[in-house]
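Below: the structure, in structure tokens.
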Amino acid sequence: MNKSRSIIKLLFDRSLSRSLWRQFFFLGIVLIIALGLSYLMFWRWSGVEWEQFCKDKDLNKWLLPIYLLIDSNALNNLYIGSAEQGSAVHGWMLIASSITFLCGIFIFNGIIIGIITNSIERRVANHKKGHIHYLKSGHYIIMGYDDMVPSIIMHIFEKEKKAFILLMSAADSEYIREKLRKVFNEKQLSRIIINYGHRTSKDYYKDIHLETAEQVYIVGLRTLPSHDAINVECVDSICTYLEQPMITDRPKRITCVFEDLDTYAAFKTSEIFGRVKNLGMEFVPYNFYAGWAKQVFVKRFFYTDINQPEQKIPYPAVYGKGYAENDTTALTKDDTRYVHLTFVGTTNFAVAFAMEAAHVLHFPNGSKVKTLISFIDKNADKEKDEFIIRNRHFFEVQPYYYSDLSQGANYKSKEDYLRNEYLYFTKENGYTDDDANFLDVEFEFIKGDVFSKEVQDMICKWAEEHNRQQYLSIFLAMPNQRENFVLGMNMPDAVYDNEVPVFIRQDRSDNFVSNLRETDEAIRANKKKNTYYAVKDGDIESKVLGGRYANIYPFGMNETAYSADEKSLERAKLINYLYYTMPSANKFQSLLALESISREQVWAEANECWNSLPVALKWSNLYNAYAIGIKLAALRSMRGLKQDDTSHDTQPLKDEEVNMMARLEHNRWNVEKLLMGYRKAHRNEDKYAVKNEQLSNLLKRNKERFIHHDIRPYEKLDDIQKLDKEFSRYITWILKMTEHKNV
């Protein structure tokens, strides 16, 4: 019995708590019961007296109970007034009227006021908790809350100032609102709607009108171990919801954040989300660490305040752009110096930055001079094995360097530490010297404590070679932010004196590092006071320097994490369009023909071609687009222009320039393919190793199995050389077509 009562109470409370209308419905039932009891009392107790009273007062007898229920002055007007006139009501009639009147006071003066007050409080509470839905269409949806969400919101506002943004999260709405209030003003906050919901539950999608949203960003909380798995489940749930036959609208794009680098890499070559493409949507994977790498190497700026996107702080080029007017860079084919990136720690940041750098940083002097990427870590012996296994096909072609400074040994020349145990294309396996070591990027792993004297001496030696034998950049990417900061503030003097760029990982604000750099950089303005003198070969050598910390830069801040490169995406679409619309082998449409087509038609066709493209080829085109900035820098150097002089970028290329750009592009392509999981064809798979054309054509199909016969030195290509040269001539057209796009 007690259990039944408890269940009834639960059902009753749950029913009332669900909506305001249920409460009014309950009130209506109470009113009907009270009215029915009133009629019963008047009819059973007062009978003729009731009817006679209504007749004397010229009232309808059926309206008297209602009158007594709803009017708080009814008893006074009818009965007290009647008593003064000598016609007072007595007996059962008075009792029935009084009971009815008291019921009316209880219902209308008590319950209704309580319900109305409660309904207002409930609506306010529901609004604060995110249970009320307002947006119907054209909005942007962000699923989940993380520290990078404000930068996503600002990115949306940059594109569309009057956009409405729906942020759906199971986290406390008040907490999220307070976090956003620190970043956005009231006007911006008025366009951000926070709704409660779980991103994997389809039950919430209808409430937020997911199908009519402009774009969807799946973020989640990156600190959760299951973050990537939940986001994958979320994409599946969205596809299942949008596949319903009654739903005809779709968002244009789904951007999904992945924390793990291996998960992120898997989406570069696998058609895991073919359902998204089949629904006519674009799927864009995003990784926090790789996103920051693109900011440093491709976009080369960061925001000090995401609420003021016009205030951009530039990152220095890692290929030797200094302050002296005669300063040279690594962008000439005869330069014997190499670009050297040094990562302290093998964290996700270090690995992601190294991978993106290997994709993007290719120069005209490669592969004679190779870009060197070094890792310094206490556990470098173990970390190198994991890194190599992740990129096994790269190290089948290219040897690496490994040195152990943990036992007090001094660093020698890197050539003393050459290791080739992973090489497959060796003479022992029947290959020639040209089949290996032809890439223009190489890796080095150094085991040792960065705070030890041995490692500090090694860094000092490298810094003294900066701008002479190498272009050094140091990235402090250890897990502990304090260690990064301490090391950044206490590098060997040679690092500061030779103006080596030092990038310091910061979790949150960049203020301290940025202010320190700006203060020390301003010192350079006083040339007389801040000229450094040294004796070289009996002569005085002078150089104007900034302060000690004039070349330190922050990176990795959570609040400014998201920085979509829309211009590179549009360039990638045009690159694919050129290849997709080739009228014949190794020949694009003529520039004259392309310029005769309206921009609107080109973009419409380019977007259509892009949406049907396999994901691996999308990434290939994207990396090609990311490298355009380096190619332009090389072109400016070749033309004797300053690096910030863009005035000649769209001029047609001369034959010598085309040859340089084509070689650079193939070197870049080789590394891209190997790091994306392709492998160089073995002898029995190589189309170049057979004379029979039919067999050669069959072997070409191995590309579907990520085996590529064109991963080889530029000189050993056949007609692909012509295609690389052909593409280089069209870079100017791509630049013209994307001039209107935001960086």
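Just so it is clear, none of the values below were taken in a lab; they were calculated from the coordinates. Everything numeric in this text was worked out from a predicted model, so none of it was measured. Cβ: placed from backbone, ideal geometry, glycine included. Neighbour counts: every protein chain shown.
So here's what we get for this one:
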| item | result |
| --- | --- |
| Nonlocal amide H pairs with Ile194, under 5 Å, H built at 1.01 Å | Leu167 |
| Integer Hz, Karplus 6.51/-1.76/1.60 couplings in order for segment 501-516, x for Gly and Pro | x, 10, 9, 10, 5, 10, 5, 10, 5, 8, 3, 5, 5, 5, 5, 5 |
| Separation between Cα centres of segment 162-178 and segment 633-697, rounded to whole Å | 46 Å |
| Neighbour-count order for Val284, Val298, fewest beta carbons within 10 angstrom listed first | Val284, Val298 |
| Theoretical FRET efficiency, 1/(1+(r/R0)^6), r = Cβ-Cβ of Tyr532 and Asn379, R0 41 Å, to 0.05 | 0.60 |
| Phi-based couplings in Hz for segment 590-601 (Karplus 6.51, -1.76, 1.60; Gly and Pro marked x) | 5, 4, 5, 5, 5, 6, 7, 8, 5, 4, 4, 5 |
| Phi-based couplings in Hz for segment 272-287 (Karplus 6.51, -1.76, 1.60; Gly and Pro marked x) | 5, 10, x, 4, 4, 5, 5, 7, x, 10, 9, 9, 10, x, 9, 10 |
| Interchain or long-range residues, amide H under 5 Å from Glu282's placed H | Arg253, Ile254 |
| Relative contact order (percent, whole number), segment 484-614, Cα cutoff 8 Å, 6+ residue spacing | 24 percent |
| Whole-Å distance, taken between Cα centres, linking segment 395-462 and segment 530-601 | 29 Å |
| Candidate lysines - alpha carbon under 17 Å from Lys187, same-chain residues fewer than 8 apart omitted | Lys159, Lys161, Lys162, Lys179 |
| Reachable lysines, given that their alpha-carbon falls under 24 Å from the alpha-carbon of Lys543 and they are not under 8 places away in the same chain | Lys321, Lys461, Lys527, Lys528, Lys529, Lys642 |
| Antiparallel %, DSSP beta bridges [both residues in segment 401-518], to 5 | 10 percent |
| Segment 687-733: mean projected area of Cα convex hull, nm² | 4.2 nm² |
| Straight-distance crosslink candidates among lysines, where the alpha carbon sits under 18 Å from Lys384 and sequence neighbours closer than 8 are dropped | Lys414, Lys447 |
| Summed residue charge, Cβ within 9 Å of Thr240's Cβ, Lys/Arg positive, Asp/Glu negative | 0 |
| Amide H contacts of Phe555 (H built 1.01 Å from N, under 5 Å, at least 5 apart or other chain) | Ile504, Arg505, Gln506 |
